There are 2 protein chains.
Amino acid sequence: MDKNLKLKTAEIEKISHLEYFNIAISVDCVIFCYQDKKLQVLLIKSDLEEFSGLYSLLGDLVRPDEDLDSAPYRVLKQRTGMDDLYLEQVRTFGSIDRHVSGRVITTAYYSLIDIKHQKLSVDQNELHWHPVKEIKKLAFDHKIILDSCLQRLREQVMEFPVAFNLLPEKFSLRELQELYESILGINLDRRNFRKKIALKGWLEDLEEMENEVPHRPGKLYSLKQAYRKKKVSKKQKPVLENIFSK
Amino acid sequence: MDKNLKLKTAEIEKISHLEYFNIAISVDCVIFCYQDKKLQVLLIKSDLEEFSGLYSLLGDLVRPDEDLDSAPYRVLKQRTGMDDLYLEQVRTFGSIDRHVSGRVITTAYYSLIDIKHQKLSVDQNELHWHPVKEIKKLAFDHKIILDSCLQRLREQVMEFPVAFNLLPEKFSLRELQELYESILGINLDRRNFRKKIALKGWLEDLEEMENEVPHRPGKLYSLKQAYRKKKVSKKQKPVLENIFSK
DNA sequence: AATAAATATGTACTGAATACACATTGTTTT
DNA sequence: AAAACAATGTGTATTCAGTACATATTTATT
């Protein structure tokens, strides 16, 4: 009896140990693009019966031999063929019951791509772009993940020159403003927007004009070279500003 | 030979599968307090030989039956007896080689506690407070984790009323300013600091005075009830402010 | 009573955020 | 070719927050 109990305890401990290593970790990518004047997200049809008809984010388990922050690059490369994109870690989601087929903790990243620049193999993979505003429900907790990433994106574009990853190399101020309006979900005043962008000093005047637009063409700009960084970085605030004293 | 190869492949796949579930996930807590006019962090002596003499953050593996965001509460309760504290998820760290004894991905949280309010069982656990400014090196990648959490804390205190979790219920404006100076690592102008705090509208004038100070006593304040929230929350920006138009 | 040390407070300046209107340029239509 | 249309491009006045800065007041100490 005593022996029995001991055996049982050992058994439980063994199971328990196994279970500790029975939590898988995945990454999920919220891939934004800007198309048809709308902020859109790349989704895949869920292959799980529980979520039939629903879409989900692109994700995969993290491999034992890759850095966590490398996993989203691999996922994107594998699933879409895309490379060299802007990626940012947002948050890790780990509710017990967030995944139907076991305990999976996931780290969410958002990514920004220029749809025209990337040759994306979408159709054969059941991958589709969906306007963010029209997405009401996703598989798993992916709607919450999407919302977190969108919120982070909104915070970032106000302060850092990241939105440009969604645009082609050359763009007009109108396009830029429409992009900001799509991301933020509000309308902006043209003069104030231009003033603020000018103040940031992010742009280079290309001394070129739009063409093939059915109206008076606008000037073309591009992001200054110094501000182009696509890698995941520990965004350092340049200096501690905005303080109560000199 | 063919058969052999196949066997080998199967073997590899089995190992590979096992290895997928051989990534453990942990949480690490950066626990801040404010003591002796310094921002301090709770550390424990590393029990690993590789890091003998070094300190590390408080952490533990996430259990299979607990939410990720619950794990840091458990860790803090277990290791320090503390309860009901402010916690915020910061970032997840997952380099392949970040942990010496295996593949462990860790989610970092920071926590703010009022040292006077909490009865903390420190000594018997080899736990010690260390002034943030004096910490040069920690075990694992914990120095990087600490830096990330400090940076996040600095961002947060400028915008949200979180620093008050480090102070007792009642405090003077001098104490509050000294706290901000410790967190931000800079000196602040008294008049401008008070103006800004007043503008935030966070404080309630208690119509009481300091006592037992060896100088002219200052007024006492407390954080308004409406701003007291200690749980991990998905910090929603109240409204989208600071935009280019009305 | 005098001194020391900390609290408490106000003003002027600068710069960013915002509200707001008109002239210009190129395309399209008549 | 002229007129109408549609989008680009630009400036000013106001408000408000951020910052620099000095003096009077209150309490404890000597």
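The values are calculated or read from the model by the stated rules, or taken from the named source; none is laboratory data. Everything quoted here is computed from the prediction, not taken from an experiment. Quick reminder, even Gly has a Cβ in these numbers, built from the backbone with ideal geometry, and neighbours come from all protein chains shown. The protein model used for the area step is the full one, side chains on, heavy atoms only, and it has no ligands, DNA or RNA in it. Shrake-Rupley method; radii C 1.70, N 1.55, O 1.52, S 1.80 Å.
With Rg and the Kirkwood Rh both taken from Cα atoms, where does Rg over Rh land for the stretch B:13-166? With Rg and the Kirkwood Rh in hand, the quotient comes to 0.98. When B:A198 is represented by a point 7 angstrom out along its Cα-to-C-beta vector, the spacings to that point in the other copies are 3.6 nm, nearest first. Averaging Cα coordinates gives a centre for the stretch B:162-224 and one for the stretch A:43-87; these two points are 48 Å apart.
Quotient of the Cα radius of gyration of the stretch A:168-219 and 2.2 N^0.38 Å, N being its number of residues: 1.17. Interface B-A: total buried accessible area of about 4500 Å², 1.4 Å probe, protein heavy atoms only.
Cross-link partners for A:K170 among the aspartates and glutamates, with Cα-Cα distance under 19 Å and sequence neighbours closer than 8 places in the same chain left out: A:D36, A:D84, A:D114, A:E178, A:E181, A:E204, A:D205, A:E207, A:E208, A:E210, A:E212.
Copy-to-copy label distances for A:P214, where each label lies 7 Å from Cα along Cα-to-Cβ, are 8.2 nm in order of increasing length. Of the GluC sites (Glu not before Pro) in the stretch B:155-194, the ones in a loop by DSSP (not H, G, I, E or B) with at most 14 other beta carbons within 10 Å are B:E169. Of the cross-linked pairs B:K38/B:K219; B:K116/B:K224; A:K133/B:K195, those separated by over 31 Å at the C-alpha level are A:K133/B:K195. Treat the stretch A:74-165 as a sphere of radius equal to its Kirkwood radius over Cα pairs and apply Stokes-Einstein at 10 °C in a medium of 1.306 mPa s; give the translational diffusion coefficient in µm²/s, rounded to a whole number. It diffuses with D of about 107 µm²/s by this estimate. Per residue, the accessible area of the stretch A:13-167 comes to 44 Å², computed with a 1.4 Å probe over protein heavy atoms only.
Could you tell me what percent of the accessible area of the stretch A:26-93 is made up of carbon and sulfur, with a 1.4 Å probe and every protein chain present? Carbon plus sulfur share of accessible area: 43 percent. Across the copies of the chain, A:E155 has label points (7 Å from Cα along Cα→Cβ) spaced 0.5 nm apart, shortest distance listed first.
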